[in-house]
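Everything on this sheet refers to the single structure shown next.
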Amino acid sequence: MLKFGEWIAKHRALILIIAVLLLIPSAIGYINTRVNYDILSYLPKDINTMIGQDILKEDFGQGGFSLVMVEGMSDKDVAETADKISAIDHVSDVICYQSMTDCKIPVEILPENIYDFFNKGDTTMMAVFFDDTTSGDGTLAAVEEMRNITSKQCFISGMSAITLDMKKLTQSETLIYAVIAVILTSIVLTLTMDSFLIPVFFMLSIGFAVVWNLGSNIVLGEISFITQALAMVLQLGVTMDYSIFLWHSYKEQLTHFPDSKQEAMAHAIAATITSVVGSSFTTVAGFLAMCFMTFTLGLDLGIVMAKGVVCGVISCVTVLPSMILIFEKAIAKTSHRDFLPSFSRTSSFIVKHSWVFLTLGIVLLIPAVFGNNHYDVYYKLDSTLPKTLDSVIANTKLAEEYNMNSTHILMVDSHMSAKDADRMLGEMKKVDGVQFAAGFNSLVGPAIPEEAVPDEIKSILKSDKWQIMLIGSEYEVASDEVNEQVSDLNTIAQRYDPEAMLIGEAPATKDLITITDRDFKIVNFLSIAAIFLIIAFTFKSVTLPVILVSVIELAIMINLGAAYYTGSRLSFIAPIVIGTIQLGATVDYAILMTTRYRTERSSGQTKKNAIGIALSTSIKSVITSALGFFAATVGVALYSDIGLISELCMLLARGALISMVIVITVLPSMFMVFDKLICRTSAGFSPKRKAQSKRRHIFGTV
């Protein structure tokens, strides 16, 4: 590693040039990486809700759909609006009362309830089907065009409209997230480091790594909007420690090589690689655990963030040393005294009152566990969006005028008899919360032979194998009521057609609830197990993994449990993200202190002295790291109008501070209580023989 460090130090200008050149393909890759805004598309492809969507697209040429409500328009204007919408690229079909009566079917023989189905008061509803998926680029472009050509009397609802607004909001905010995170983190580093200029190079170094990471996402084809929004902020927060390690190592090596900054940096790089790679293992393990989720959003976020940590390590040991050496005179001129106190009195107080802090930790555990098991979870992500968005306004109006909060699509055998279809829909109308249930036969009526129905109507609702039925519900997506309703509707449909499939946002969200509940347990277990093994291998210990993981898990439970006591609702993905990221990123605080504790104990220090030294020497680094993570996320949490992003960043910011406090207070207290057990079950804690003989000689002479 020393030779590698010497090569980096010698070729610092070349390294910086290569790093800058790599930004070009990275920028191209970033621009050309598609962003997916449809959370439900990450569900497993082999479940009925996803299979049904594929069939809908293949057999009917229909992917997403939207219910459009027009207000205060004449029948003629509604028909003209429907024609305009039909002419838009990627709009496959438009169904409304006016367009149906324009066809060859006589108005007089249409079922009487058709008018009531499409009209309420001075409003008219039309169903618009797209030939691309709900969040497909074609569908989003079509919704945008629909908004452009229709008047303010038109309200476009549904997931596609929500997705479009989410896309615009995310695109307008993502760059600002990075700016806020960089500014706040730089302020923290300026106050906690010994130079006003060094934070600038930290940010530049991490910036290189972030751009490389985001650019390399092109190989994945697409990433989720959650990944895109969080990647920059999280990468900054979790990899900043590496830059701090290098700087401190370089300053230490300068005391050994005062006449050669290049040689000092070479040794600093060699030392940093060893410590940073070891430290990054726990963070990477936490992210990779998310890749085992069947809900593949975890795979998306896990791969991107694990890759980001690797990019951060590479930049830390190549780009940052190069910049420090090239601009070392400017850095030296901006040096300042250390603003942080030594915390020696704080350390002594904690060690002296270890039983108090351990007792407090145990007392906190009880409400933390209870709160962690009882906070409310929501699955309807658009419920946290600003109420002023066009799509949110449209959904609200549809719910008010038609008492509809969700729409299901039922796919059954196209050869089902009209009698069975009517009987099945009749049963479904009696299910609680169902506002309407309509299919091919109920729309055209029993008086018309199927052969007489124009192809332009028939092709919308029937194919050779399947026919489509629409079911409107007054219940909101992800509510307990709609989930029970979906189960009841599936039970009825299965009696008439065992191959029937109920699809749409509500059925898919019901699957999401079941799948992510199982995923959380799996990911939580894997992340704990992986980090447990890494700590066990690092310290060659049986007890330390239990102690260190328990300390961080306490911090995680306090963080998530706080939601229950504050009456907050958390998104379904919050416990998965927090459980892995907070564990993987902040367990490093505990590892840092444990490493120094082992060093002091093996050198012959007493239990109390070893723990006191470990705490006093680590506390400043832990505070710096935690405040940096906090700064990188809290600004985004306060700024973002996207509830999910704001919530996740606030949890991460709060989690960093909670982990900091727990590591500084509870961990050394546990060391005090379990010191004997740790020394007996861990390698490297017993004093060396030389130290032991020296101590025996001293005691013998006293």
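The values are calculated or read from the model by the stated rules, or taken from the named source; none is laboratory data. Given the structure is predicted, the values throughout are model-derived calculations rather than measurements. Positions of Cβ are backbone-derived with ideal geometry, glycine not excepted, and every protein chain shown enters the neighbour counts. Only protein heavy atoms, including side chains, enter the accessible area calculation; ligands, DNA and RNA are left aside. Shrake-Rupley method; radii C 1.70, N 1.55, O 1.52, S 1.80 Å.
Miscellaneous remarks
- Check on residue 404, part of a helix (DSSP H, G or I), within 19 Å of residue 510 (Cβ to Cβ) and touching a strand residue (DSSP E or B) at 6+ places or on another chain (Cβ under 7 Å): no
- Hits in segment 179-202 (condition: open to solvent by 20 Å² or more (accessible area, probe 1.4 Å) and either assigned to a helix (DSSP H, G or I) or more than 27 Å from residue 326 (Cα to Cα) (or both)): 179, 180, 182, 183, 184, 186, 187, 188, 190, 191, 200
- For segment 636-651, residues that are open to solvent by less than 10 Å² (accessible area, probe 1.4 Å) and either closer than 11 Å to residue 589 by Cα or in a helix (DSSP H, G or I) (or both) total 7.
- Scan of segment 574-597 for residues that are within 19 Å of residue 289 (Cβ to Cβ) and among the charged types (D, E, K, R), ordered by number: 588
- Residue check, residue 387 within 33 Å of the chain's Cα centre (by Cα), part of a helix (DSSP H, G or I) and more than 26 Å from residue 48 (Cα to Cα): no
- Yes/no for residue 307 being under 30 Å from residue 6 (Cα atoms), in contact (Cβ under 8 Å) with a residue 24 or more places away in the chain and of a type in the set (Lys, Arg): yes
- Filter result for the condition that a residue is open to solvent by less than 40 Å² (accessible area, probe 1.4 Å), within 30 Å of residue 484 (Cβ to Cβ) and modelled with pLDDT under 90, over 515, 581, 573: 573
- Extreme residue, surrounded by the fewest Cβ atoms within 10 Å (Cβ to Cβ), among residues of segment 481-503 that are in contact (Cβ under 8 Å) with a residue 12 or more places away in the chain, in a helix (DSSP H, G or I) and of a type in the set (Val, Ile, Thr): 492
- Residue 529 vs. criteria of a type in the set (Gly, Ala, Ser) and in contact with a helix residue (DSSP H, G or I) (Cβ under 8 Å, 6 or more places away or on another chain): no
- Checked against (1) surrounded by fewer than 20 Cβ atoms within 10 Å (Cβ to Cβ); (2) in a loop (DSSP other than H, G, I, E, B), residue 134 meets all criteria but (1).
- Pair list, Cβ under 7 Å, 6 or more apart: segment 504-522 residue over 18 Å from residue 157 (Cα atoms), other residue among the polar types (S, T, N, Q) and not in a helix (DSSP H, G or I): 515/294; 519/294
- No other residue among 226, 303, 269 is surrounded by fewer than 24 Cβ atoms within 10 Å (Cβ to Cβ), part of a helix (DSSP H, G or I) and out of contact with any Lys or Arg (no Cβ under 8 Å at 6 or more places or on another chain) apart from 303.
- Cβ separations smaller than 9 Å between residues 6+ apart or across chains give the following pairs from segment 42-66 residues that are without any contact (Cβ under 8 Å) to a residue 24 or more places away in the chain to residues that are part of a helix (DSSP H, G or I): 45/51; 45/54.
- Residue pairs whose Cβ atoms lie under 6 Å apart, separated by 6 or more positions or on different chains, with the first residue in segment 321-344 and of a type in the set (Gly, Ala, Ser) and the second surrounded by 11 or more Cβ atoms within 10 Å (Cβ to Cβ) and outside any helix (DSSP H, G or I), are 330/197; 335/194; 335/195.
- Residue list for segment 31-41, restricted to those being in contact with a helix residue (DSSP H, G or I) (Cβ under 7 Å, 6 or more places away or on another chain), more than 13 Å from residue 133 (Cα to Cα) and either crowded, with 17+ Cβ neighbours inside 10 Å or free of Cβ contacts under 8 Å to residues at least 60 places away in the same chain (or both): 33, 35
- Condition broken by residue 338, with the remaining ones in (1) exposed (fewer than 14 other Cβ atoms within 10 Å of the Cβ); (2) in contact with a Lys or Arg (Cβ under 7 Å, 6 or more places away or on another chain) satisfied: (2)
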